[in-house]
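Beneath this line is the structure, given in structure tokens, with notes to follow.
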Amino acid sequence: MSDLTTDALSGIGMTSQRTRDRMVDRLRAQGIQNAAVLRIMAATPRHLFVDEALATRAYEDTALPIGFGQTLSQPYVVARMTELLLEAGTPSSVLEIGTGSGYQAAVLAQLVPMVYTVERIGALAQRARHLLEGVGFRNIRFKLDDGHWGWREQGPYDAILLTAAPDEVPESLLQQLAPGGRLLAPVGSDERQRLVMVTREEKVFVHRTLDAVSFVPMRSGREF
Ligand code: SAH
């Protein structure tokens, strides 16, 4: 696990600590209970993950554009997905599909030992890697690829998180889930999707449908 309280990141972030505390108060009021998730979101400078022009809006309860038609999810959705992912205990590694700004990966990397993250847009993958490695994360691995195929060499994973919405959960991702592991994905073909949690039980995959959510669609292939 990375501890950002001792490095440069928290120093830069201190300027907006009060704004972040207010964001966390809101998350608590919205029902987020996991103390570790709340603590990490209070310590992670979300404004570094968006364009400077949007920095003042970084702690509002809203999704924000990150370029290339993609968006960073609103704080509540990041908190909710992270909380669900950790509900059954701390996964030893997490596979994230859709690195985007890198914010979700940064939150995860402070809660779990190892994060693998896959992004299909080269410029986004590069920017996130530069930012996260630059502030000292050592437990995030990046891959530029179509995340439909996951990252088989590093699996199986106790937890898999999709932050872009497929029409259906890709079979190859299910195959990379460790026994007892859980996968969370926004699933659906239009702008409104349902959050689906799939757990891998002894011989079967159990699907549960949770909240209504709105994510960008999962696309095929790579872009540079
Ligand atoms: N987790 C991100 C959210 C980014 S939005 C964050 O914290 O900022 C969703 C991201 O998924 C976009 O960057 C988009 O390019 C990416 N994406 C969409 N389809 C994908 C695919 N097939 N493989 C990998 N990434 C994909």
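Quick notes on this one:
- Over segment 100-224, equivalent-ellipsoid semi-axes from the Cα gyration tensor in Å: 23, 18, 13
- Proximity of backbone amide H atoms, modeled 1.01 Å from N, is registered between residue 181 and 200 at under 5 Å, excluding neighbours fewer than 5 places apart on the same chain.
- Relative to the current alpha-carbon distance between residue 22 and residue 167, full extension at 0.36 nm per residue lengthens the span by 48.7 nm.
- Signed unit charges on C-beta, dipole axis of segment 63-213, positive-most listed residue 69, 123, 179: 123
- Rounded to the nearest whole Hz, the Karplus-based 3J(HN,Hα) values (6.51 cos²θ - 1.76 cosθ + 1.60, θ = phi - 60°) of segment 105-112 follow the sequence 5, 5, 5, 4, 5, 8, 10, 10, with x at glycine and proline.
- Here the 3J(HN,Hα) profile of segment 216-224, calculated from phi with Karplus coefficients 6.51, -1.76 and 1.60 at θ = phi - 60°, is 5, x, 6, 10, 9, x, 10, 9, 10 Hz, Gly and Pro shown as x.
- Counting DSSP beta bridges with both ends in the chain, the antiparallel % (nearest 5): 45 percent
- Accessible area (Å², per residue) of the chain, counting only protein heavy atoms and a probe of 1.4 Å: 47 Å²
- For residue 196, residues with placed amide H under 5 Å, excluding near neighbours: 185, 187, 210
- Between residue 133 and residue 145, full extension at 0.36 nm per residue minus the direct alpha carbon distance yields a gain of 2.4 nm.
- With the simple spin-label model, which puts each label point 7 Å out from Cα in the Cβ direction, the residue 1 to residue 90 separation comes to 0.4 nm.
- Euclidean distance between Cα centres, segment 191-224 to segment 85-137, Å: 18 Å
- Dipole size of segment 63-213 about its Cα centre, with +1 on Lys/Arg Cβ and -1 on Asp/Glu Cβ: approximately 300 debye, rounded to the nearest 20.
- Most tightly packed first, judged by the mean number of other beta-carbon atoms within 10 Å of their residues, the peptides 108-115, 170-177 read 108-115, 170-177.
- Under 5 Å, built H, 5+ apart or other chain: amide partners of residue 114: 94
- Between residue 175 and residue 153, the contour length at 0.36 nm per residue exceeds the alpha carbon distance by 6.7 nm.
- Measuring nothing but protein heavy atoms, the accessible surface of segment 83-196 at 1.4 Å probe radius is 47 percent carbon and sulfur.
- Highest mean packing comes first when the peptides 180-192, 129-141, 92-104, 74-86 are listed by Cβ atoms within 10 Å, giving 92-104, 74-86, 180-192, 129-141.
The values are calculated or read from the model by the stated rules, or taken from the named source; none is laboratory data. Since we're looking at a predicted model, the values are computed, not measured. Glycine gets a Cβ as well: all are built from the backbone with ideal geometry, and neighbour counts include every protein chain shown. Calculation scope for accessible area: heavy atoms of the full protein, side chains included, ligands and nucleic acids excluded. Shrake-Rupley method; radii C 1.70, N 1.55, O 1.52, S 1.80 Å.
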